[in-house]
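The values are calculated or read from the model by the stated rules, or taken from the named source; none is laboratory data. For clarity, every value in this text was computed on a predicted model and none was experimentally measured. Virtual Cβ from ideal backbone geometry, glycine too; neighbours counted across all protein chains shown.
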């Protein structure tokens, strides 16, 4: 697990974007250490200009080629790209609210290995990073841009690629990935198979998908305490869990939770020492739909907006730097309006 120290403020495009004004939500920020970059926080649009470049990562904290991420705009999904020159740019999808969450952007600056792709899929090429992965101390990140070159429907070519034996989850994981303005559900099995799942619109004329945003632990995680009315989905899926290093580093959540009674609100709670310093918003999967999931400074993990199909939600893709000592809240966070 990389040793990550403190957040730094992300330089934003002046006059176009600013930190969301709130004592509750984290502003746009990043950590960059040991070749790992984690971007988090909430940016607010200002002025009447177009949605475009939000901010820029400094030299040494940039991907080697362009990456495409699926981030949150409340009940909507949004494509945001991180380019080799460090620009973080809105490309397509949700912009109905005057804010955008950057949480869920996690990548390595280099040293990734080529992901073996299956028949019907190949690297998109051009300025985009080829499908690749890193696997170190049980932490797996997958990134890159794949295009479908098979004939007919994606349904005959659902297997995109395969991770090697020591870089696989113990149970099946569900991720919320990007296909322009659409959400795509992609599963990773204990066999290492990365599979497109045929739900909702299968991409229309966009014969590609991004694998960036896949992050998980192969083991060494702890069971996430769930709130009343929620329980592990069970079956072949990973139960809700988290990993939290003893020193500086970042927290990773995995697993599938199902609601069995009560309202859609608090799902579970992270313990002290494994919480962000301020509230973060993530873009999670609910089969064909996207879901807004917040992680509060109190450790509470909550459903806020988006899909409810099948009474389940995936927690895979939540990753953030640990709060520094003395910064954590022990009481529930207040809720700021994001209408």
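Any residue at all in the stretch 130-148 that is buried (at least 23 other Cβ atoms within 10 Å of the Cβ), outside the structural domain of residue 161 (by TED's automatic domain parsing) and over 19 Å from residue 206 (Cα atoms)?
no
What residue, among those in the stretch 205-219 that are part of a strand (DSSP E or B) and at pLDDT below 95, is surrounded by the fewest Cβ atoms within 10 Å (Cβ to Cβ)?
208
Just checking, which of 245, 202 is modelled with pLDDT under 95, in contact with a helix residue (DSSP H, G or I) (Cβ under 8 Å, 6 or more places away or on another chain) and surrounded by 19 or more Cβ atoms within 10 Å (Cβ to Cβ)?
The unique qualifying residue is 202.
Which one of these is at pLDDT below 95, surrounded by fewer than 16 Cβ atoms within 10 Å (Cβ to Cβ) and either under 20 Å from the mean Cα position of the chain (by Cα) or not in a strand (DSSP E or B) (or both): 60, 47?
Only one candidate qualifies: 47.
Can you give me the number of residues within the stretch 158-191 that are surrounded by 18 or more Cβ atoms within 10 Å (Cβ to Cβ) and more than 17 Å from residue 285 (Cβ to Cβ)?
5
Restricting attention to the stretch 220-233, which residues are more than 18 Å from residue 140 (Cβ to Cβ), in contact with a strand residue (DSSP E or B) (Cβ under 8 Å, 6 or more places away or on another chain) and outside any strand (DSSP E or B)?
224, 225, 227, 229, 233
Run residue 155 past the list (1) part of a helix (DSSP H, G or I); (2) touching a strand residue (DSSP E or B) at 6+ places or on another chain (Cβ under 7 Å); (3) more than 29 Å from residue 253 (Cβ to Cβ) and report the number of the one that doesn't hold.
Unmet for residue 155, out of (1) part of a helix (DSSP H, G or I); (2) touching a strand residue (DSSP E or B) at 6+ places or on another chain (Cβ under 7 Å); (3) more than 29 Å from residue 253 (Cβ to Cβ): (2).
For residue 266, are the conditions met, namely being more than 22 Å from residue 106 (Cα to Cα), in contact with a strand residue (DSSP E or B) (Cβ under 8 Å, 6 or more places away or on another chain) and modelled with pLDDT of 95 or more?
Against the criterion (more than 22 Å from residue 106 (Cα to Cα), in contact with a strand residue (DSSP E or B) (Cβ under 8 Å, 6 or more places away or on another chain) and modelled with pLDDT of 95 or more), residue 266 qualifies.
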